[in-house]
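Quick note: the coordinates plus some simple rules give every number you see, no bench work behind them. These figures come from a predicted structure and were not determined experimentally. Cβ coordinates were reconstructed from backbone atoms using ideal geometry, including for glycine residues, and neighbour counts include every protein chain displayed.
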Amino acid sequence: MADPEALEEASKALSFAEFLERMKEPAAADLVRSIKSFIKIFEERKPDPDRDSALVQNFLAKSEYTFRQHPVWSSAPAAHQAQAVEGLEKYLMTKIYHKIFGVSELDRERDEALSLRMAALNFIQPKHLDIPELYSDEKAWQLAIKELHKINNYKAPRDKLVCILNCCRVINNLLHAAVAAGEARGADDFLPVLIFVVVHAAPPQLASNLEYIQRFRMQSRMASESAYFFTQLYSAASFIETINTNSLSMDADEFIARMVTAGGVPAGGFPPPLHPPPPPPQAPFPGVAELEREGAAAVVALEAAGQLHRRHRFVYAAAPDLRVADVSALLAAYKELALRYEALSGAVTARAGAGGERQLAAAGGPVTPLLGSGLGSGLSGMGAATSAPVESRSAGFGKLSEKKAAKRGKAAQKQQKQQNTADKAIGQAPHRPVDERYVAKQLELEGQPDADTEFQKRLERLRAATAATSEAAAAADAAVSTSILDRAPMSAGPAPRRAAPDNVESEGGGFGPGQIALAALPLVLAAVFVLADVDVGGGSAPQPTAAQQKRQLADAERAELQKQVAGFEARLAAEAGDREALRGGGAAALALGDAPRASELLTRLTEAAPGDAEAWQLLAEARGAAADLKGAAAAYERASAALPAPTLDVLQGLAGALVADAQPQRAVEVIKAERGRAEASPENGNPGPTTYELDMLLAKTYAQWSNHAADALKVYGGLIAQAPNDYRAYLARGVLLGSDGQKADAQRMFLQARFLAPPTARPVVDRVIANAGF
Amino acid sequence: MSRNRTSLKLVLLGEGRVGKTSLVLKYCHSQFAEEQRATEQAAFNSKQVTVGERQVELSIWDTAGQERFHAIQPLYYRDADAALLVFDLTDSDTLERVRAWVTELQTLVGADVVLTVVGNKADLAAARAVPAAESRGVAAAVGAAYHEVSALTGAGVEAAFADTARRALARQQRRLAAADAAQLSASPGVPSWAGGRDTVSFTGQGPTRRRPCC
């Protein structure tokens, strides 16, 4: 397409008009119909950039062929046929533009980050990029800037691309001066000039534009010169996105000072990042997290007025309270809440721009729009935060922690509450346990029948958090991070789980009191991620985890747990095969750090219910806590086998146990197999963890396997490519590179991590970096 | 598409001072000087060449060699058929850099990417710092062809590009043949654009790879 390009350019407008004219012919009716029905697909569906790209590319490629065969076009000269497809691309993309341009969360975040950075870099002069004096042509630069700005005036990918080409042509002409002078340095000069132009043009939505062109410009036409200059601009944008002290010819301190002066860098105490911080916290419209924080007061008030349980009848329910008959009510309530949550957070996010979502994303990985998992990632941190620090240690990835937190919350067996009586009085009893005999027994054993201690505790924390100022929140965060960091990472390390009937809870997992919003959320989670992903020290033996956990249990909590154990033991004495008592007793014993007893009870449970994945998982954790690594791994494998697809926490546990048992290779095999399965799963039909989550786990496992740092680096590199805004992979890469002596590269990664980490996660990031010796 | 109009993408790598741009300009503009002047570019050049009986459009992608752009260089590798790794025969440091590039290329584009190591400034015999045996050894170790050229005199330039184009075309033919075989064995309904994309334009890369890594 090299030579006809100019000709095509000249006749572009004519060609599109001609295209429309021709398509109005009666003979073209079938073509028009097919195009219209194709457009309709986009009107009805939720946008999904990758899928949409494939759809459009496929349609255009097919149409190219169809047009050539069609009576309306077959008689036209070949050049016109080629233009017809261009016309189609333009028509089609103009029609669906509003549905697909700039809708990707990730692109929008990058737009915002890029805009901030370009604005901050406004101080850049040609000398900072070593641009020779020869090119100091203000007029030409202004012209190039103007051309680039036009990119947002057009909707068709080709038109946008032409704007890029025009901008590049202006720069090329500049470079001719050097060619004439016999000093041609080609791309060595071109790229710096382009970067300079881009920074000063600062076109809005640059990332969205680039991705849009890449996705929707007809693949067959994206070749040669167009592809080259597109790549140049893409590279320039990437350079700006990742700019750091080494990127410019200027003193590092001066660079930092400039960036700080340019605004956006908070006056906080942490080592100044090189770039303006990510925008979400400063977003003009509060994000979901901020609103949650504000709303926490309302929740407290609601609870104080005794209204909370009226609106959400299961908030005080403990797992054993639930009966099969409750499932449908619980599920209905859950679904309603999920929808309402999604609607509200979606609206908030839309107003806040990418701000709110970024925090969620940082906390829970990519935000999934699906009903269930969306709720998961959104609420994920809440449980962890309300019950931090104990719970958060064991949590790995976003979705998981919510479940774990809920499990943990419920591991403590709560029986009757004050509210129960109240409920009965107002006729809301049906969801309460029917088994009064059992209840009475528990009441007797617990001695303080009215107290839903766990829930009360959470409320207390919530109240405290509501009252606290942001400084206090930050301090709490730091404390949390510290305690987390001091401990062993995820690994086979046990997390005592809920004692609960199975399905009920896995459906409404994040649904306990833990769902109440708390400010500290994203950061606690972030801390967990960092921890889970960054540990490269290898041997994360599970024993200390349990020991530490034991130490950390507050006296009151321990007393509580001991009471529970006694209660369950009593039930078991009455009926040795009481599964719920086995489960509850096992979980409570595990929480107390009595791994042998927990193992024993849970082994009995798995014998009684060999298909119970939850039981196997609990047993695995108990064995891990008892340093029975092989046993733990075996139990995790049983848990995995009992599930349609292993959950991420099961996989994490299994991998951790295998690594601790000096079988990293097996761990890698397991994760890879699972990854293959996830990859082969149909879109949206993947029951297990995503490939991204699996890669994160894979990388971590490699990192713990001696002499496999290179593999870990590679996987982290892939993760960065996939989600360039996720600071975790940068941080982990940095640690690996640092321990390999590649200080400069490590530094570069750390800069990225620091920059990308949400402000709340920064203390942790800084700590990890400090621990790595930087 | 690529059956009738064969096009090859050649990535040009080399540090700023090694003279890679002069090399391309020499190659692209020595023959059809008059005709080419209008479209002459400093960063992107393409040239119609005849390989055997085939007309091939050779797109030459110049890249910025400065250290500060190292991280974004892989963006240019995507879909590359061949790479020309240029170093300066009078500066042994520039040869070191070649090794790093090769590793990166083979990781990102595929082990079978066609590589040519080119030692430039062969005319400066007196200042020569890299013995032919050494650079030949580096090239051989990474499975690359080796040429010594002078962008100043033009010596060896044509041969280096022609040799690279020839091998890149052979690689492409091999891949197309493999793709054909794959398509034939697939069900007739399947080979759509998507299939073509994996086999033709995304050569050497995993099918899921969309954005080059940084």
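I want the local charge near residue A:89. Using Cβ-Cβ distances under 9 Å, sum +1 for each Lys or Arg and -1 for each Asp or Glu among the other residues. Write out the running numbers ahead of the final one.
Details: positive: A:90, A:158, A:217, A:221; negative: A:86.
Around residue A:89, the surrounding residues sum to +3.
Estimate the FRET efficiency between residue A:686 and residue A:149 by the formula 1/(1 + (r/R0)^6), using the beta-carbon distance for r and 45 Å for R0, to the nearest 0.05.
Values: r = 42 Å, r/R0 = 0.93.
Result of the calculation: an efficiency of 0.60.
Here the simple spin-label model places points 7 Å from the Cα toward Cβ, and for residue A:579 and residue A:641 these points are separated by 1.8 nm.
Binning all Cα-Cα separations of the stretch A:138-246 at 5 Å, short to long from zero, yields these whole-percent fractions: 2, 12, 24, 24, 19, 12, 5, 2, 0. Shape verdict for the stretch A:20-140, please, from the Cα gyration tensor: rounded (a/c under 1.5), prolate (a/b greater than b/c) or oblate. Judged from the Cα gyration tensor, the stretch A:20-140 comes out oblate (a/c at least 1.5, b/c at or above a/b).
In this model, which of A:36/A:90; A:46/A:714; A:62/A:90; A:62/A:150; A:99/A:146 are farther than 21 Å apart at the alpha-carbon? Could the numbers behind the result be given before it?
On the way: A:36/A:90 14 Å; A:46/A:714 33 Å; A:62/A:90 16 Å; A:62/A:150 30 Å; A:99/A:146 27 Å.
In this structure, A:46/A:714; A:62/A:150; A:99/A:146 lie more than 21 Å apart at Cα.
Just check the stretch A:634-753 against the gyration tensor rule for me: Cα atoms, a ≥ b ≥ c as the square roots of the eigenvalues, rounded for a/c under 1.5, and otherwise prolate or oblate depending on whether a/b exceeds b/c.
On the way: a/c = 2.79, a/b = 1.52, b/c = 1.83.
Note, shape of the stretch A:634-753 comes out oblate.
Where does the charge balance sit around residue A:242 when Lys and Arg score +1, Asp and Glu -1, over other residues with C-beta under 12 Å from its C-beta?
Values: positive: A:110, A:117, A:748, B:68; negative: A:241.
Net of charged neighbours comes to +3.
Each residue, residue A:176 and residue B:127, gets one label point 7 Å from its Cα in the Cβ direction; the gap between the two is 3.0 nm.
Counting only C-alpha contacts under 8 Å and six or more residues apart, can you give the relative contact order of the stretch B:7-180 as a whole percent?
Numbers: 293 pairs, mean separation 44.6, N = 174.
With pairs under 8 Å counted, the relative contact order is 26 percent.
Here r is the Cβ-Cβ distance between residue A:75 and residue B:53 and R0 is 30 Å; the resulting FRET efficiency, rounded to 0.05, is 0.40.
Let me know the shape class of the stretch A:593-657, please: from the alpha-carbon gyration tensor, a ≥ b ≥ c as square roots of the eigenvalues, rounded when a/c is under 1.5, otherwise prolate if a/b is greater than b/c, or oblate. Oblate shape, in that a/c is at least 1.5 and b/c is the bigger or equal ratio. The modelled label-to-label distance for the pair residue B:140/residue A:566, using points 7 Å beyond Cα in the direction of Cβ, is 8.3 nm.
Could you tell me the calculated FRET efficiency between residue A:17 and residue A:43, based on Cβ-Cβ distance and R0 = 25 angstrom, to the nearest 0.05?
On the way: r = 26 Å, r/R0 = 1.02.
The computed FRET efficiency comes out at 0.45.
Rg(Cα) of the stretch B:7-180 divided by 2.2 N^0.38 Å?
Numbers: Rg = 15.4 Å, N = 174, 2.2 N^0.38 = 15.6 Å.
Against the empirical 2.2 N^0.38 Å value, I get 0.98 for the stretch B:7-180.
The stretch between residue A:743 and residue A:312, if pulled fully straight at 0.36 nm per residue, gains 149.8 nm over its current Cα-Cα span.
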